[in-house]
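Shown next, in structure tokens, is the structure this report addresses.
The values are calculated or read from the model by the stated rules, or taken from the named source; none is laboratory data. Here the structure is a predicted model, which is why all the values come from computation and not from measurement. Cβ placement follows ideal geometry from the backbone for every residue including glycine, while neighbour counts extend to all protein chains displayed.
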Amino acid sequence: MYEQLTKYILDTIPVNDNELASILSYFQPLKSKKNELLINHGQSSQRMFFVENGCLRIFFIQEDGQDITRYLAFEKNFATALVSFISQEPSLEFIQALEDTELLSISRRDFHHLLETVPLWEKFYRHYLEHAYVTNTNRLMSFITMDAVERYRILLRESPLIIQRLPNKIVASYLNISQETLSRIKSRI
């Protein structure tokens, strides 16, 4: 079960066998049912998840009740309510399994213990934070500089899995458009 995580770690940092074994020992298997919430709005984020199989969605709900999907994590990706994980403030986001999902989970405490005991884990964390920053900045810029059609085309080109595996409601939420707008865009492209 740890093969994908092992490959992800070894592709990111050059740890030796003992360091790798130590890192992996802190990750616990976790199964989540479709639609199960792993973090609720207002909870403090105490875990980071690695998706072995399935999909996690990180989203928030606007004042009008509309949910907006910030991030989707498929296989071989990490996910957490990062602002809360770092700050320990209550999360403004939810984390939901969109499919029956198999995860490997590490507690915040154990994650920080690794930062203190495995020197290369800091490099791993920096890589994770840099990737999260670039991803979030690119999404923000797309909302500011592109119309819905352009965002859909980029999604189709760069992340077709989202369109192939997830219902239109989630795709529309990820693009921050209505389902009706998404239907119109799909019929034109």
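Points to keep in mind about this one:
- Residue under evaluation ARG151, criteria (1) charged (D, E, K, R); (2) exposed (fewer than 15 other Cβ atoms within 10 Å of the Cβ); (3) more than 30 Å from ILE13 (Cβ to Cβ), criterion not met: (2)
- The number of residues in the stretch 130-160 being more than 22 Å from the chain's Cα centre (by Cα) and either closer than 27 Å to THR101 by Cα or of a type in the set (S, T, N, Q) (or both) comes to 1.
- Any hit, the stretch 141-158, residues being outside any helix (DSSP H, G or I), on the phi < 0 side of the Ramachandran plot and in contact with a helix residue (DSSP H, G or I) (Cβ under 9 Å, 6 or more places away or on another chain): yes
- The sole residue among ILE177, ILE163, ILE185 that is under 19 Å from the mean Cα position of the chain (by Cα) and β-branched (Val, Ile, Thr) is ILE163.
- Residues located in the stretch 73-131, provided they are out of contact with any Cys (no Cβ under 7 Å at 6 or more places or on another chain) and among the polar types (S, T, N, Q): ASN77, THR80, SER84, SER87, GLN88, SER91, GLN96, SER105, SER107, THR117
- Residues that are surrounded by 14 or more Cβ atoms within 10 Å (Cβ to Cβ) and outside any loop (DSSP other than H, G, I, E, B), drawn from the stretch 105-122: SER105, ILE106, SER107, ARG108, ASP110, PHE111, HIS113, LEU114, LEU120, TRP121
- Residues of the stretch 45-96 satisfying the condition of being of a type in the set (Asp, Glu), modelled with pLDDT of 95 or more and over 15 Å from the mean Cα position of the chain (by Cα): GLU89
- Residue selected from the stretch 1-31 under the condition assigned to a loop (DSSP other than H, G, I, E, B) and among the hydrophobic types (A, V, I, L, M, F, W, C), by the criterion nearest to the chain's Cα centre (by Cα): PHE27
- When residues of the stretch 160-189 are limited to those that are loosely packed, with under 15 Cβ neighbours inside 10 Å and in contact (Cβ under 8 Å) with a residue 40 or more places away in the chain, the one farthest from LYS34 (Cα to Cα): ILE189
- Answer residue from the stretch 134-148, given it is of a type in the set (Ser, Thr, Tyr) and closer than 16 Å to THR69 by Cα and is surrounded by the most Cβ atoms within 10 Å (Cβ to Cβ) among those: SER142
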